[in-house]
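Engineer: A single structure is presented below for examination.
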Amino acid sequence: MNMKRSKYCGEIRAEDIGQEVCLMGWVQRHRDHGGLIFIDLRDREGLAQIVFGDDASTSAVEVAKQMRPEFVVAIKGKVSRRPSGTENPHIASGEVEVRADEAAILNEAKTPIFPIEDHLEVSEDLRLTYRYLDLRRRPLQRNLFMRHRAYRTIREFLNSEGFIEVETPVLTKSTPEGARDYLVPSRIYHGCFFALPQSPQLFKQLLMISGFDRYFQIVKCFRDEDLRADRQPEFTQIDIEMSFIDREDILPIMERLVCEIFRAARGIELSVPFSRLSYDEAIRQYGLDCPDTRFGLCLQDLTELARGIDFKWITDALDASGRVLGINILGGSSLSRKQIDEFSEQAKSFGAQGVIWFKVEGGILQSSFAKYLDPDKASVIKDRLGAREKDLVLLVAEKEKVAYESLGRLRQRLGQQLGLAEEGKLCPVWVLDFPLLEYDEKEKRFQAMHHPFTAPMDEDVGFFETAPERIRAKAYDLVLNGQEVGGGSIRIHRRDIQKKMFEILGIDEEEAQMKFGFLLEALEHGAPPHGGIAFGLDRLMMALSGAKSIRDVIAFPKTQRTQCLLTKAPSPVDSVQLMELGLKLEQDPD
Ligand code: ASP
């Protein structure tokens, strides 16, 4: 082939009229009208219409006749204005076409498994199995280009703020972030395993001890968790750590970083400072520590008002020192019984027994629950909720944790279902002052709410001995439209406090030495005060692109069942490999 590409297909414009261009790409569409052959040629920048007419050599026409969708071809020709009335306003090159004089087929292609059309609905399994075909379509290309712009901005911004990028190991030791580890068996040390990092947490802290002062990394992390729509077993974090700072130093820089990313990726201006909520406020108002603050529908605590109501769910909850919480849906009385039953089912799936409900119609409460309320009680409950004519009230009566969580999650769902969460609106909010510890009822012990390296508030350190549940952490999460997109903390930099933390978590000296001995030792070698944060890049990209699935912002994602349909990973390995690793399977794989 003696052709050399001179432009991208999607780049040709009216300014190029009269110029000779050489384009290469994939055949999107092929129309043979006898004397005239039209090809839509596609590359990453878009489409160009190619016409094989009188100007084309006979051999070029012969080649054009053989072209089929997804063939890889090269064409040479002159850019011309499309005949009046045949312009295509939907594509950037729609005013012009290329009148081909030469053409070559660079490679043939099978009939594609699905047509490479942007808006065609294709099953996700098929899209993932033939990911390279799906990646030819605009929506995924757009997301990956956006992601690329985000990487560039992150690096430029953090560099300009004095952060340096350092890579940390992928074959390493377990870093507790609350998930299961992915393990890699050692061939040399049988019975020993590397763990893939759940985060570079310990390494970034070591880098602070080494004096790097400001570190960042765009890094893959691995967590073996049950997957939800917004999770992947391997995901990308923007990981950051800084020395000699406190919370009020780090949050403004991170706000500026997030603003830069939104600006570069989508031209969106976020206003700073971001709003803030304490953990307690978040739970009280929204039931969750990752509230969607695009809409109100705030929770009201009716526990005290509910005393004396002889309704089983309520009396049971009160007997168990639980809570009665409610939300008022403005104008919700028009919702059908079927819809309300669905809300109840959703509340059940979030752990509650269901919802108690009433509508305000004709000035009185309507529902089978109304008969349990005397008029005075009904009126104070209505007032507390701000319920007016034509509103619908939903209540849950449960143990405290279940009450907040179930109604909080139902509220979040309703925001979407009832269209209260305006699409395109972005409401970032910092959630601060988390508890340091959370009591695990099943295991009957405390667990770190973030990770065991998070510092307690100085004024709460005394509670380690007396009331550990009251210790607040120097931790902060960034929540965007109901999703946690970042989280971090000021770290423990003193050995004695780290020891207290391990003790309260039931990690004894021997276990602490075995798992984190290197960190404990490092803390005794001049650890500066330090802290940091990590952002979930995939989730940020999801918010920016409006993608419904996290898989749509990742080039080669896993399914919700943790498989790569393209490569068929995970897959069995041969017995020799197992033997080398000193491993034996208890059962043959299916
Ligand atoms: N290592 C934490 C995480 O992965 C983030 C941090 O505390 O900086 O969530």
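The values are calculated or read from the model by the stated rules, or taken from the named source; none is laboratory data. These numbers come from a predicted model, not from an experiment. Reconstructed Cβ throughout: ideal geometry from the backbone, glycine too, with neighbour counts over all protein chains shown.
Engineer: Being out of contact with any Gly (no Cβ under 8 Å at 6 or more places or on another chain) and more than 14 Å from the ligand (Cβ to nearest atom) is the filter here; which residues of the stretch 233-252 pass it?
Structural biologist: Within the stretch 233-252, Pro233, Phe244, Glu248, Asp249, Pro252 qualify.
Engineer: Sticking with this one: It is to be established whether one or more residues within the stretch 337-347 are of a type in the set (A, V, I, L, M, F, W, C) and over 30 Å from the mean Cα position of the chain (by Cα).
Structural biologist: No, because not a single residue in the stretch 337-347 is of a type in the set (A, V, I, L, M, F, W, C) and over 30 Å from the mean Cα position of the chain (by Cα).
Engineer: Hey, can you tell me all the residues within the stretch 355-398 that are free of Cβ contacts under 8 Å to residues at least 40 places away in the same chain and β-branched (Val, Ile, Thr)?
Structural biologist: Across the stretch 355-398, the qualifying residues are Val360, Ile364.
Engineer: Report, by residue number, each residue of the stretch 262-280 that is within 30 Å of Leu436 (Cβ to Cβ) and crowded, with 18+ Cβ neighbours inside 10 Å.
Structural biologist: Phe274, Leu277, Tyr279
Engineer: Looking at (1) crowded, with 19+ Cβ neighbours inside 10 Å; (2) without any contact (Cβ under 8 Å) to a residue 40 or more places away in the chain; (3) over 24 Å from Gln141 (Cβ atoms), which is the only condition Ala60 fails?
Structural biologist: All conditions are met except number (2).
Engineer: Can you tell me which of Arg136, Arg187, Arg149 is closer than 30 Å to Val122 by Cβ, more than 16 Å from the ligand (Cβ to nearest atom) and assigned to a loop (DSSP other than H, G, I, E, B)?
Structural biologist: When all the criteria are applied, what remains is Arg136.
Engineer: Need a quick list: helices (runs of 4 or more DSSP H) entirely within the stretch 271-354 having at least 3 residues that are free of Cβ contacts under 8 Å to residues at least 60 places away in the same chain and of a type in the set (D, E, K, R).
Structural biologist: Output list reads 337-349.
Engineer: For residues that are touching a strand residue (DSSP E or B) at 6+ places or on another chain (Cβ under 6 Å) and surrounded by fewer than 15 Cβ atoms within 10 Å (Cβ to Cβ), tally how many sit in the stretch 440-462.
Structural biologist: Residues flagged as touching a strand residue (DSSP E or B) at 6+ places or on another chain (Cβ under 6 Å) and surrounded by fewer than 15 Cβ atoms within 10 Å (Cβ to Cβ) within the stretch 440-462 amount to 1.
Engineer: Name the residue that is nearest to Ile218 (Cα to Cα), counting only residues in the stretch 540-571 that are touching a strand residue (DSSP E or B) at 6+ places or on another chain (Cβ under 6 Å) and not basic (Lys, Arg).
Structural biologist: Applying the filter and picking the extreme gives Leu540.
Engineer: A further question on this structure: Between a first residue in the stretch 225-242 that is within 12 Å of Asp538 (Cα to Cα) and a second residue that is aromatic (Phe, Trp, Tyr) and within 10 Å of the ligand (Cβ to nearest atom), which pairs have beta carbons less than 9 Å apart while being 6 or more apart in sequence or on different chains?
Structural biologist: Partner pairs satisfying both residue conditions: Gln237/Phe535; Ile238/Phe535.
Engineer: Which residue pairs have Cβ atoms closer than 7 Å, lie 6 or more positions apart in sequence or on different chains, and pair a first residue in the stretch 437-454 that is over 20 Å from Gly487 (Cα atoms) and free of Cβ contacts under 8 Å to residues at least 24 places away in the same chain with a second residue that is outside any loop (DSSP other than H, G, I, E, B) and within 16 Å of the ligand (Cβ to nearest atom)?
Structural biologist: Note: pairs meeting the criteria are Asp440/Gln447.
Engineer: Same structure, new question: So, Leu227, is that one of a type outside the set (Asp, Glu) and more than 20 Å from the chain's Cα centre (by Cα) or not?
Structural biologist: no
Engineer: Counting only residues that are in contact with an Asp or Glu (Cβ under 9 Å, 6 or more places away or on another chain) and not in a strand (DSSP E or B), which one in the stretch 29-50 is farthest from Met67 (Cα to Cα)?
Structural biologist: Glu45
Engineer: Any residue at all in the stretch 171-188 that is under 27 Å from Gly267 (Cα atoms) and either modelled with pLDDT of 95 or more or not hydrophobic (A, V, I, L, M, F, W, C) (or both)?
Structural biologist: No, that holds for no residue.
Engineer: OK, next. If the requirement is being out of contact with any Leu (no Cβ under 7 Å at 6 or more places or on another chain) and either at pLDDT 95 or above or over 18 Å from Gln300 (Cβ atoms) (or both), which of these qualifies: Asp460, Asp383?
Structural biologist: Of the residues listed, the single one that is out of contact with any Leu (no Cβ under 7 Å at 6 or more places or on another chain) and either at pLDDT 95 or above or over 18 Å from Gln300 (Cβ atoms) (or both) is Asp460.
Engineer: Quick test of your reading of the structure: Arg228 fulfils all but one of (1) assigned to a strand (DSSP E or B); (2) within 18 Å of Gln483 (Cβ to Cβ); (3) more than 14 Å from the ligand (Cβ to nearest atom); (4) not β-branched (Val, Ile, Thr). Name the failing condition by number.
Structural biologist: The single condition Arg228 does not satisfy is (1).
Engineer: Based on what the data block shows, is Gln483 in contact (Cβ under 8 Å) with a residue 40 or more places away in the chain, surrounded by fewer than 18 Cβ atoms within 10 Å (Cβ to Cβ) and within 16 Å of the ligand (Cβ to nearest atom)?
Structural biologist: When the stated conditions are applied, Gln483 passes them.
Engineer: Another one. Whether any residue in the stretch 158-167 is within 15 Å of the ligand (Cβ to nearest atom) and either in a loop (DSSP other than H, G, I, E, B) or among the aromatic types (Phe, Trp, Tyr) (or both) is what I want to check.
Structural biologist: yes
Engineer: Which condition does Arg495 not pass, out of (1) touching a Leu at 6+ places or on another chain (Cβ under 8 Å); (2) at pLDDT 95 or above; (3) surrounded by fewer than 22 Cβ atoms within 10 Å (Cβ to Cβ), if it passes all the others?
Structural biologist: Condition (2) is where Arg495 drops out.
Engineer: So, one more: State the number of residues belonging to the stretch 540-577 that are in a helix (DSSP H, G or I) and either under 23 Å from the mean Cα position of the chain (by Cα) or closer than 30 Å to Phe262 by Cα (or both).
Structural biologist: 10
Engineer: Next question. Do we have any residue at all in the stretch 487-508 that's over 27 Å from Arg247 (Cα atoms), away from the ligand (no atom under 16 Å from the Cβ) and of a type outside the set (Val, Ile, Thr)?
Structural biologist: Yes, there is a match, as at least one residue in the stretch 487-508 is over 27 Å from Arg247 (Cα atoms), away from the ligand (no atom under 16 Å from the Cβ) and of a type outside the set (Val, Ile, Thr).
Engineer: While we're looking at this one, here's another question. Of the residues Arg82, Arg142, only one is at negative phi and either touching a residue at least 60 places away in the same chain (Cβ under 8 Å) or crowded, with 18+ Cβ neighbours inside 10 Å (or both); which?
Structural biologist: Residue meeting the stated conditions: Arg142.
Engineer: Taking Leu519 as meeting all but one of (1) hydrophobic (A, V, I, L, M, F, W, C); (2) closer than 30 Å to Leu277 by Cα; (3) within 16 Å of the ligand (Cβ to nearest atom), write down the number of the exception.
Structural biologist: Exception for Leu519: condition (2).
Engineer: Another one. Just to verify a result, which residue in the stretch 522-539, among those that are in a loop (DSSP other than H, G, I, E, B) and small (Gly, Ala, Ser), is farthest from Ser199 (Cα to Cα)?
Structural biologist: The selected residue is Gly526.
Engineer: Would you point out which residue out of Phe194, Phe235, Phe212, Phe203 is farther than 16 Å from Phe535 by Cα, of a type in the set (Phe, Trp, Tyr) and part of a strand (DSSP E or B)?
Structural biologist: Of Phe194, Phe235, Phe212, Phe203, the one residue that is farther than 16 Å from Phe535 by Cα, of a type in the set (Phe, Trp, Tyr) and part of a strand (DSSP E or B) is Phe194.
Engineer: While we're here: Which residue is modelled with the lowest pLDDT, if the candidates are limited to the stretch 533-549 and must be away from the ligand (no atom under 16 Å from the Cβ) and closer than 26 Å to His451 by Cβ?
Structural biologist: Ranking the candidates gives Ala543 first.
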